[in-house]
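Student: Shown below is the structure under consideration.
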Amino acid sequence: MTWPREFEHRLRDWNALRDRVRELDQISALRLINQWWWRAPWCAMSLCWQDQDSWPDPWILLSKDGFCDLARALGMSYTVIMLPGLDLTHSELRELAGRDIVSVSGERYILNWSTDIVIDMPVISGDPGRRVSLHQLKSRLN
């Protein structure tokens, strides 16, 4: 399936994704979210960590035509946040080994590492880099 060209189609597709993942178990839902966002067209740099206070909300993000790794991870984060019943206590968007990832349930599930979800990924040693909890991102949506 290709990435929708028009914003209205992307929004409709994203809403359909959110409806679909509500019916799935957690692992399947996270895998589908990861795969959906990996379809987004890549660009070199559309967001940066230094501008975190001005990151777009999910609707503005979806209006963009290109997504760097951080923008794709932010989109995944927003989608995960909207999953009903998911405990976000140990979940965050973070830098890890030079990559921008979404860590759900304390690194048990990693999104934005590859086109498929990595389950029970071993912790990569070293400085984890920048991070923001999904709770903090969720507070921006209220």
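No value in this document is a laboratory result; all are computed from the given coordinates. Treat the numbers as computed from the prediction; the structure is a model and nothing was measured. Quick reminder, even Gly has a Cβ in these numbers, built from the backbone with ideal geometry, and neighbours come from all protein chains shown.
Student: Could you go through the range 86-102 in sequence order and give the Karplus-derived ³J(HN,Hα) for each residue, using 6.51 cos²θ - 1.76 cosθ + 1.60 with θ = phi - 60°, rounded to whole Hz, and x for Gly and Pro?
Tutor: Each residue's phi maps through the Karplus curve to give 7, 7, 8, 3, 10, 10, 7, 9, 7, 8, 8, 6, x, 10, 9, 10, 10 Hz.
Student: Here's something else I'd like to know. Projected area of the range 1-117, taken from the Cα convex hull and averaged over every viewing direction, in nm²?
Tutor: Working: hull surface 27.8 nm².
Averaged projected hull area, Cα only: 7.0 nm².
Student: So what is the relative contact order for the chain, in percent, with contacts set as C-alpha pairs under 8 Å and at least six apart?
Tutor: Relative contact order here is 22 percent.
Student: Would you please give the residues with an amide H less than 5 Å from that of Cys43, counting only those at least 5 places away or on a separate chain, with H modeled from the backbone geometry?
Tutor: So Cys43 has HN proximity to Phe67, Cys68.
Student: OK, next. So for the pair Arg39, Val132, with labels modelled 7 Å out along Cα→Cβ, what separation do we get in nm?
Tutor: The modelled label-to-label distance comes out at 2.5 nm.
Student: Can you tell me the length gained on complete extension of the stretch Trp3 to Asp25, counting 0.36 nm per residue apart and subtracting the Cα distance?
Tutor: Going from the current span to full extension adds 5.5 nm.
Student: In the range 12-50, whose amide N lies under 15 Å from the spot 7 Å out along Cα-to-Cβ of Trp59? List them in ranges.
Tutor: Flagged as within label range: 12-15.
Student: Any idea how far apart Trp49 and His90 come out in nm if each label point goes 7 Å out from Cα toward Cβ?
Tutor: With each label point 7 Å from Cα toward Cβ, the separation is 2.2 nm.
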